[in-house]
1. Is at least one residue of the range B:49-57 in a loop (DSSP other than H, G, I, E, B), charged (D, E, K, R) and either within 12 Å of another protein chain (Cβ to nearest Cβ) or closer than 28 Å to A:Met80 by Cα (or both)?
2. Looking at the range A:228-246 only, could you name the residues that are farther than 25 Å from A:Ser141 by Cβ and not hydroxyl-bearing (Ser, Thr, Tyr)?
3. Test each condition in (1) within 7 Å of another protein chain (Cβ to nearest Cβ); (2) among the polar types (S, T, N, Q); (3) within 22 Å of the chain's Cα centre (by Cα); (4) open to solvent by 60 Å² or more (accessible area, probe 1.4 Å) for B:Ser79 and report the one that comes out false.
4. Could you please let me know if B:Thr162 is β-branched (Val, Ile, Thr) and surrounded by fewer than 16 Cβ atoms within 10 Å (Cβ to Cβ)?
5. I'd like to check which helices (runs of 4 or more DSSP H) are fully inside the range A:152-247 and have at least 1 residues that are at pLDDT 85 or above.
6. Out of the range A:88-137, which residues are more than 19 Å from B:Ile138 (Cβ to Cβ) and not in a helix (DSSP H, G or I)?
7. Take the conditions part of a loop (DSSP other than H, G, I, E, B), among the aromatic types (Phe, Trp, Tyr) and in contact (Cβ under 8 Å) with a residue 12 or more places away in the chain and apply them to A:Trp320. Does it pass?
8. Look through the range B:129-170, keep the residues that are facing another protein chain (nearest Cβ under 7 Å) and of a type in the set (D, E, K, R), and return whichever of them is farthest from A:Ala87 (Cα to Cα).
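The values are calculated or read from the model by the stated rules, or taken from the named source; none is laboratory data. What you see is a predicted model, and the numbers here were worked out from it, not measured in a lab. Reconstructed Cβ throughout: ideal geometry from the backbone, glycine too, with neighbour counts over all protein chains shown. All accessible areas refer to the heavy atoms of the entire protein, side chains included, with ligands and DNA or RNA removed. Shrake-Rupley method; radii C 1.70, N 1.55, O 1.52, S 1.80 Å.
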Amino acid sequence: MRQMLNRKIIFTSFILLLASIFFMVACESASSFLNDEGTRKLTRSAGISDKVMGDASTVMEAGGKLVEAFESFHAAFSDMSIEDERALGESVSLQAYASPQIGAPIHHPKLMFFLNRMANVLAQNSERPMIPYHVAIVHSSDFNAFAAPGGYIFLTSALVLNLDNEAELAAVIGHELGHIVKKHAVADLQNGKAWEGFGKIVEAGSKVTANVFEENLQEFGKLVTEMSGQLIGSFNQYDTSIELEADYVGVQCALDTGYDPQAMLSVFEKLKAYYPKDSKTHPSLEERSRRVQEFIAQQNQEDLEGLVTRTGRLERVKQWIREDLDWQP
Amino acid sequence: MQKIRVLLIFALILNVSALADSLYIKAKYANLVNNPRKKKLIKKLDRGTRVEKISKKSKWYKISVDGSTGWVYKSKTSSSEPSIDPSLEAQGGNLLAGEELAAGSGLRGLSPLGQKFAQSRAITTRHRKFMDYHQSYITITSGKVDIKSKVTEQGIKVIKITSKDLDDFLEEGKLGEYSDAPDVE
């Protein structure tokens, strides 16, 4: 009897061992499936696919190959190498500096050192920590922040001077990091002409690279103008679903770095106060605020302890902005 | 028979616990320290490094990796293996490609495309300098990459931000791993 029991236990243990090995192998497969390039592409486009499809149906009615062209361009943009993405972002940023709404960057070594450390510390906790990020505060009376592809972030002086603590600055930078991490820059391009030319090139089988841009400089110029114009436009230019995705990256990076993510909510309040009540921005901000509150409510209590809102460093940043005259190099 | 039974059960437990306790470094790097409060650095762990979790104390994990045991800040880790940035895959899977590229821009300022675009749009020297300045603070944490020049073609000084500078930023602000960390034996 005892021997039978022993056999049963051994048999059960053996089956359990096999099951656990099978489970481990299954987990490995699932993990490699989730990390698979094809799956990642799907995930990457998930946040913006609705918008793309929305655009697509409108253009389809107009009857053209524009949909295919945009989709080709959008896919090519998602697949760009960091070198080409930076070259695109650099041109978009140059165009932004050349536009009348954007003034000189605040020319102050301590401010630049502070800001660039902050952005790169926050980016450490994003899905894209391996590329360097560059941030500057530019003289402008607009209440705005925007990001160009490849890691370039702009904050206006009016926006930073209106912030109350370092956690709010982290929320704003984190949100802009979100646009770069999720590659949102082409998601909302409204002007078909801007990308039509490149869509045709992609259709012909070549990839969109910096070289293709160089060879088609006129088309590239249109694209850059469209992209920078859209970024400079206003703080809330993108579709709400895209802004929500960037908010999520922003609060996650802020929280993981040690900032209180509640600061995102007070930034929204400032935006509401800045924009007129009848603008489309208000309902969108209500929705974004609700979603950020939900995100915070889902966190473990332990993770919300010991977070930082103020350090006293933002006051120095504001002082450096106020002291800075328009840089005339 | 008794021995085999014990062995099988032990193997089963070991199997399941090994599965449950593996973590990966998801940040660009993470500091493995002897003690969350005293923070004597044992070594830096790169993104993607697999570590074994031993225990947890508030926001810190005690882990072992390649024969070293120490503490790592929780938010630097993830339970799943982090994916490779597709924009770096295009550079032959070189994880330092982003840093190498930014370091190279210290030498030349604008990229060839940026220069052509600037010429085609008659973008002034002043605005080119603004752009050089915008990207003149370059984060290079690997220690294997260095900036090639201290000044761009437009005469803008290039500054390197190291991993120590990033850690100092957190420490000055008492942020994350530098907030009130537990003391352990």
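1. Looking through the range B:49-57, none of the residues is in a loop (DSSP other than H, G, I, E, B), charged (D, E, K, R) and either within 12 Å of another protein chain (Cβ to nearest Cβ) or closer than 28 Å to A:Met80 by Cα (or both).
2. Correct list: A:Asp239, A:Ile242, A:Leu244, A:Glu245.
3. Condition (1) is where B:Ser79 drops out.
4. yes
5. A:157-161, A:166-181, A:210-215, A:217-233
6. Result: A:Ser99, A:Pro100, A:Gln101, A:Ile102, A:Gly103, A:Ala104, A:Asn125, A:Glu127.
7. No; evaluated as a whole, the condition is false for this residue.
8. B:Asp165
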